[in-house]
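Below you'll find the structure, written out as structure tokens, and then a few comments.
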Amino acid sequence: MNLQPLYDVKERLEYTAIAGVSLLGEDFRLQRAAEGLKPLAAASPVFGKIDAGLSKLLAAPPEQRSGLLLDVLALVDAVAYTQAKTGAEGDLEPLPIGGGVYHQISYGQISPLLTALTSTGGGRVEIVRSAWENHPEFFEDYRVLPAVVAGLGDSYGEMSELNANLLKKLGPSVIPLLKKDFDPAGLKAMARRVEVIAALEGKKATPWLREILPQTKKEVRSTVIRALGMDKDNADLLLDLAKFERGKNREAALAGLALQDGGTVRDFWEAELEKNGDSIRFLGDSRTDWASDLVAHGLWDRMEEILARKKSLSNPAVIELRQWFSATLGKSSPSMLDFWRWADVKLADIDHLRGEKEQRIGFGTELTALLLESLCLAGPGPLCGLCLELWEKHQKETRWLPHAVAAALMIRSAAEVYDTFSPYVLTIKPLLGGEQKKAFHNAVLRALGRVCRKEDGTYCIDNVWPTAQPIDSRWFKRLTRAVWKTTGETRRYARYAAGEGIDQFDMVLMRLADTGDEETRKQLIPYLRDRMLETGLPYSYSRFLLQLGGSPRGVLGDTMVKRAGAHYIYDTWNLMSEASKTLPSGEVADLLEEVLRSNAIRKEDAPLAQRALLWTVEQLRAGQPFPDWDDWWKMR
């Protein structure tokens, strides 16, 4: 049955409802639609009823048309609804493999994400990030995943990079879609596809990379060549490419060769560095002994030549030398250890090197810092012994002390580390040599500052290398009584409230603290209460206390007074909301009363604070839960 006449009548009735019944007599389209319905009226009683209603509507006087229009339109809508259906012609087929999966997600839910992925303009990155954090399953959906792949070619670099990272997190299931319609001669979008595939498959991507290599061009070619370096079996191919490729493609071949091993590869790099010292930048991530030896010998030769010339260095020479410095990171072959021993002997001369216009370069300081970075990058091993050796030779200097502390943490017992290095952290102010002794204190704290306690209870250096044992708890008693609350570094801003610059010393203490250890809590809680008053910073120190099972009661109000008129009411609510998760309701009420007595909330927020805080105190003392922010905000 052809229902088009029914839908024509429905459309004209809806038009009449909008335009008004006064024009009904002149609507020839409605009259024509009514005529078209008559064959259906003859075939079915329900359509006959619609036809009768239309005839009555068209013949009715103006004052009766409104009611009759609504009646017939309601009947037409009901019939049209019962005749509706969904679907498409043809057989059902499974979704293409790798093109995403079906999730029971409404289009309305994913519409903002799809818009962000396929449109232009600002704010899109945050929308996509937020969607990933809250609904990662959206990105597997067959409607979203192709948009993420297409977004690898987004003109906004941050968005295309985000899409690439998300695809890597989604895992190997996205590879078929990345390979579908792949164009080896394409531009950035195709190069990013190669990058993602190589990251997901590693050496397993080699057959595909080799297959497409002959057809690749421009960015895709250099990305494919670089990706070939992830497979040790591609050394011969990369050596050939390094001979014949030029520009970025050759640089990609060098980057790939830096990840290879073997005598032929070593010989290539020896010849390459002889001709072009700038290529040393590609060996920065290599951890092979031959790469370490090449860097050590090359840098050693260059430094000896520079020191022998006793001339100022040009800017290009300084830049190249710093590339050689960076290449030492994480390398620990015997030759590299010998280079550091030589550099230790020559540090005074290296410190005197000058650049153009006799400017001081500071190479001695740079090398010292580089060895510490190299140690923390390499972890337990030969560099630990070297750093302890250098410090033992120069115990009256601070230069190698941070290195020794970090090395000892990796390979020695916690008690030995404490017994050896805690005396440098003085608890009684010295009568003589205060500045020098403070420098030793700072050196020890710089090393401790690289250590943090993880959730599983282990301690790690730079969040990577575990310490040999957990930190000795005696450190906390000593550090909380230290003469100097410094590390030699600048302040760090805590994440809890804008504008609170927490001393790095206290940040180190909290990163080291085992918040469940009773002895640690015994030392830190009174110390932090004193520091809170001393610094006038209520929000961060209050949270430190809460983390340790303590409370800021008795010091919160006095601390806020030190910056009276500068406190936002939202920061107060945020802190009290956090406190309510661990403290009894009565104690939270006491804290709110301290805030009220301090009269330290900024002038603009003071009336709201008076109402909201008093009301919340009453609620808490009546056994009610701590309110949401909206409950306070509605009291404006």
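Apply the Karplus parameterisation 6.51 cos²θ - 1.76 cosθ + 1.60, with θ equal to phi minus 60°, to every residue of segment 352-357 and state each ³J(HN,Hα) to the nearest whole Hz, in sequence, with x for glycine and proline.
Per residue, the Karplus-derived 3J(HN,Hα) values read 8, 4, 10, x, 4, 6 Hz.
Can you show me the helix-derived [θ] at 222 nm for the chain, built from DSSP H runs with n ≥ 4 at -39,500 (n - 2.57) apiece and divided by the number of residues, rounded to the nearest 500.
Per the formula, -19000 deg cm²/dmol.
With a cut-off of at most 16 other beta carbons within 10 Å, and DSSP calling the residue loop, which trypsin sites (Lys or Arg not before Pro) in segment 182-234 qualify? Please list them.
Taking segment 182-234 and a limit of 16 other Cβ atoms within 10 Å, the loop trypsin sites (Lys or Arg not before Pro) found are Lys217.
What are the trypsin sites (Lys or Arg not before Pro) within segment 334-421 that DSSP puts in a loop, where the Cβ has at most 13 other Cβ atoms within 10 Å?
Lys396
Per residue of segment 448-456, what does 6.51 cos²θ - 1.76 cosθ + 1.60 with θ = phi - 60° give for ³J(HN,Hα)? Whole Hz please, x for Gly and Pro, Karplus curve as stated.
4, x, 8, 9, 9, 8, 8, 4, 7
If the cut-off is a Cα-Cα distance under 12 Å, which aspartates and glutamates reach Lys248, setting aside same-chain residues fewer than 8 apart in sequence?
Straight-line reach from Lys248, under 12 Å: Glu219.
What is the spin-label model distance, in nm, from Ala185 to Thr515 if the labels are put 7 Å beyond Cα along the C-beta direction?
It is 6.0 nm.
Taking H as built 1.01 Å from N, whose amide H comes closer than 5 Å to the amide H of Asp141, not counting residues under 5 places away?
Answer set, sorted by chain and number: Val101.
Let me check I've understood the local charge: for Leu548, count other residues with C-beta under 11 angstrom from its C-beta, Lys and Arg +1, Asp and Glu -1. What total comes out?
In short, +1.
Using only Cα atoms, tell me the angle between helix 157-170 and the longest principal axis of the chain; keep it within 0 to 90° and round to the nearest 10.
Orientation of helix 157-170: about 90 degrees from the principal axis.
How would Phe421, Phe282 line up by accessible area, probe 1.4 Å, largest first?
Numbers: Phe421 0, Phe282 30 Å².
My answer, sorted largest first, is Phe282, Phe421.
For segment 508-515, what does the Karplus curve 6.51 cos²θ - 1.76 cosθ + 1.60, with θ = phi - 60°, yield as ³J(HN,Hα) per residue in whole Hz, taken in order and with x for Gly and Pro?
Coupling constants for segment 508-515: 4, 4, 6, 5, 8, 5, 8, 5 Hz.
Take the alpha-carbon centre of segment 298-318, take the same for segment 14-44, and report the distance between them in whole Å.
95
May I ask you to derive the FRET efficiency for Glu63 and Lys38 from their Cβ-Cβ distance with R0 = 35 Å, giving the value to the nearest 0.05?
0.80
Mind checking the dipole of segment 370-438: about its Cα centre, +1 per Lys or Arg Cβ, -1 per Asp or Glu Cβ, Debye to the nearest 20?
Dipole size: approximately 240 debye.
Sketch the reach of a paramagnetic label on Thr486 as a point 7 Å from Cα along Cα-to-Cβ, and name the residues of segment 389-414 whose backbone nitrogen lies under 16 Å away.
398-399
So how tilted is helix 401-411 from the main axis of the chain? Cα-based, degrees 0 to 90, rounded to 10.
Around 70 degrees separate the two axes.
Quick one: which of Lys168/Lys204; Lys454/Lys477; Lys180/Lys203; Lys232/Lys454 span more than 25 angstrom between C-alpha atoms?
As for pairs spanning more than 25 Å Cα to Cα, those are Lys232/Lys454.
Return P(r) of segment 99-151 (all Cα-Cα pairs; 10 Å bins starting at 0; whole %; ordered from short to long distances).
26, 62, 12
Roughly speaking, what is the stretch gain from Ala348 to Lys603, that is 0.36 nm per residue apart minus the C-alpha to C-alpha distance, in nm to one decimal? Display every interim value, and only then the final one.
Working: separation 255, 0.36 × 255 = 91.80 nm, distance 5.80 nm.
Contour length minus the Cα-Cα distance gives 86.0 nm.
Which aspartates and glutamates, on any chain, are close to Lys396 with Cα under 17 Å apart, when same-chain ones fewer than 8 places away are left out?
Counting by Cα, and skipping residues close in sequence, Lys396 has these aspartates and glutamates nearby: Asp344, Glu435.
Using only Cα atoms, find the angle between the long axis of helix 538-547 and the longest principal axis of the chain, and express it within 0 to 90 degrees, rounded to the nearest 10.
Around 90 degrees separate the two axes.
Quick one: length gained pulling Asn2 to Ser22 fully straight, 0.36 nm per residue minus the C-alpha distance?
Gain on stretching Asn2 to Ser22: 4.1 nm.
Going Cα to Cα from Lys393, which lysines come in below 26 Å? Please leave out same-chain ones fewer than 8 positions away.
Those lysines meeting the cut-off are Lys331, Lys346, Lys437, Lys438.
Would you grab the residues whose amide H sits under 5 Å from the one on His567? Only those 5+ places off in sequence or on another chain, please, with H modelled 1.01 Å from N.
Arg602
Ranking request for peptides 75-83, 582-590: highest mean number of other beta-carbon atoms within 10 Å first, then the rest in descending order.
Working: 75-83: 13.8, 582-590: 17.4.
Packing order, densest peptide first, comes out as 582-590, 75-83.
Taking every pair of distinct Cα atoms and averaging 1/r, then inverting, what Kirkwood hydrodynamic radius in Å comes out for the chain?
32.1
I want to make sure I understand the PRE zone here: with the label point 7 angstrom from the Cα of Ser55 toward its beta carbon, which residues in segment 28-44 have backbone N atoms less than 18 Å away?
30-44
At a 1.4 Å probe radius, carbon and sulfur cover how many percent of the accessible area of the chain?
Answer for the chain is 51 percent, counting heavy atoms of protein chains only.
The values are calculated or read from the model by the stated rules, or taken from the named source; none is laboratory data. Here the structure is a predicted model, which is why all the values come from computation and not from measurement. So basically every Cβ, Gly included, is an ideal-geometry build from the backbone, and we count neighbours across all protein chains shown. Just so you know, the surface numbers come from the protein's heavy atoms only, side chains and all, with ligands and any DNA or RNA stripped out. Shrake-Rupley method; radii C 1.70, N 1.55, O 1.52, S 1.80 Å.
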